[in-house]
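**Student:** Below is one structure. I have some questions about it.
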Amino acid sequence: RTQWIRVMTNLIQNALQSIPQNRIPKIKVNIKENKHNIKVIVSDNGTGIDVNDKNKIFEPKFTTKTGGMGLGLGIVKNILESLGGKIKFESNERSGTDFVITLKK
């Protein structure tokens, strides 16, 4: 339970921090289910992830922020992998990012 709270808190905090102050924040959490998997999608309307950063986003100590240590998404990935899950993202610069968590039932 504690790990799941950490995962969701990190993704939602990152989403909030990615949205410029002159934009109305829109963050959605969708849950989809099929016979084998559950998908949790956290979507935002932020600035998106720079194409040069896409391969580094889950690396420990990587950050684009002025504060923080860059551990959040690395920890999120490790937690999900320890549960047999996966995380990936789709991002459009200037229009937002979707983080997709896939967990086996």
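Residue by residue, here is whether (1) of a type in the set (Gly, Ala, Ser); (2) at pLDDT below 95; (3) in a loop (DSSP other than H, G, I, E, B) holds:
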{"site": "6", "(1), (2), (3)": "no, yes, no"}
{"site": "15", "(1), (2), (3)": "yes, yes, no"}
{"site": "20", "(1), (2), (3)": "no, yes, yes"}
{"site": "67", "(1), (2), (3)": "yes, yes, yes"}
{"site": "70", "(1), (2), (3)": "yes, yes, yes"}
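**Student:** When residues of segment 42-60 are filtered for being crowded, with 17+ Cβ neighbours inside 10 Å, β-branched (Val, Ile, Thr) and outside any loop (DSSP other than H, G, I, E, B), how many remain?
**Tutor:** Final tally of qualifying residues: 1.
**Student:** Now, a different point. Name the single residue that is surrounded by the most Cβ atoms within 10 Å (Cβ to Cβ) among those in segment 77-105 being of a type in the set (A, V, I, L, M) and within 19 Å of residue 54 (Cβ to Cβ).
**Tutor:** Initial filter on segment 77-105 (of a type in the set (A, V, I, L, M)): 79-80, 83, 87, 100-101, 103.
Subsequent filtering for residues that are within 19 Å of residue 54 (Cβ to Cβ) retains 80, 87, 100-101.
Working: 80: 19, 87: 21, 100: 16, 101: 23.
The qualifying residue surrounded by the most Cβ atoms within 10 Å (Cβ to Cβ) is 101.
**Student:** Being surrounded by fewer than 16 Cβ atoms within 10 Å (Cβ to Cβ), in contact (Cβ under 8 Å) with a residue 12 or more places away in the chain and of a type in the set (A, V, I, L, M, F, W, C) is the requirement here; does residue 29 meet it? If you could, list the steps in order and put the result at the bottom.
**Tutor:** Details: surrounded by fewer than 16 Cβ atoms within 10 Å (Cβ to Cβ): yes; in contact (Cβ under 8 Å) with a residue 12 or more places away in the chain: yes; of a type in the set (A, V, I, L, M, F, W, C): yes.
So residue 29 passes the test.
The values are calculated or read from the model by the stated rules, or taken from the named source; none is laboratory data. None of the values given here were measured: they were computed from a predicted structure. Here the Cβ is made from the backbone with ideal geometry for all residues, glycine too, and neighbour counts use every protein chain on show.
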